[in-house]
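Some notes on the structure that comes next.
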Amino acid sequence: MNVLWLSSPFRKDDILTNKDAVWVYTENELREGGGEMREFMRSAENCHPLITRETVGKDGYYREDNVPRKTRTIHNYFNALHIRIKQGKLAILPTIEINEAIIELEKHAPMLASVFVNNIDLTNKFRMKTLI
């Protein structure tokens, strides 16, 4: 059960080469936009989204309306990730994307930011203690 944080952007070759790892990315509910890499990640079995936006772009981040539904959505995607980690998969999370999501959620939806951060904290309990 391991979690690894990477600060550099993911590369397609890394995802294709390391099929046993789960490559995590932030996503919008519409699953649109984001360019070629995002489209590739959506179609790859070993990639896993964390929903942080309703729509495409920086203005699409969650707002504090319909908080119960959005809270469920955040929890559901994290729960699915945690299941994969418990099954022995290495989860690789993008530091920059996750930090940006936290900043934007704190600005526009503090209650949802709290839910997201709590789930990140729970995910970090699976984090590697040492690296070889």
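For GLU29, the amide hydrogen comes within under 5 Å of the amide hydrogens of ARG53, GLU54, THR55, counting only partners 5 or more places away or on other chains and with H modelled in the peptide plane. The slack between ASN18 and MET37, meaning 0.36 nm per residue of separation minus the straight C-alpha distance, is 5.2 nm. For the stretch 107-114, putting each phi into the Karplus relation 6.51 cos²θ - 1.76 cosθ + 1.60 with θ = phi - 60° gives couplings of 5, 9, 8, x, 5, 6, 4, 4 Hz, in residue order, rounded to whole numbers and with x for Gly and Pro.
Relative contact order for the chain: what percent, with Cα pairs under 8 Å and sequence separation of 6 or more?
About 37 percent, as a whole number.
Sequence-ordered 3J(HN,Hα) estimates for the stretch 32-38 from the Karplus curve with 6.51, -1.76 and 1.60 and θ = phi - 60° stand at 10, x, x, x, 4, 5, 5 Hz, glycine and proline given as x. Here are several values of Rg/Rh (Cα atoms, Kirkwood Rh): [x] 1.02; [y] 0.95; [z] 1.13. Which one was derived from the coordinates shown? Of the labelled values, this structure produces [y]. Under 5 Å from the amide H of TRP23 lie the amide H atoms of CYS47, HIS48, ILE92, each residue being 5 or more positions distant or on a separate chain, with H modelled from the backbone and absent for Pro and chain starts. Only one residue of PRO94, PHE40, LEU16 has its Cα farthest out toward the positive end of the dipole of the stretch 2-124, where Lys and Arg carry +1 and Asp and Glu -1 on Cβ, and that residue is LEU16.
Where nothing but the Cβ of Lys and Arg (+1) and of Asp and Glu (-1) is charged, how large is the charge dipole of the stretch 2-124 around its Cα centre, in debye to the nearest 20?
340 debye
When peptides 96-105, 83-92, 46-55 are sorted by average Cβ neighbour count within 10 Å, with the highest value leading, the order is 46-55, 96-105, 83-92.
Laboratory data are not the source of any read-out in this text; all were calculated from the coordinates shown. From a predicted model like this one, the values you see are computed outputs, not experimental measurements. Every residue, glycine among them, receives a Cβ derived from its backbone with ideal geometry; neighbour counts consider all protein chains shown.
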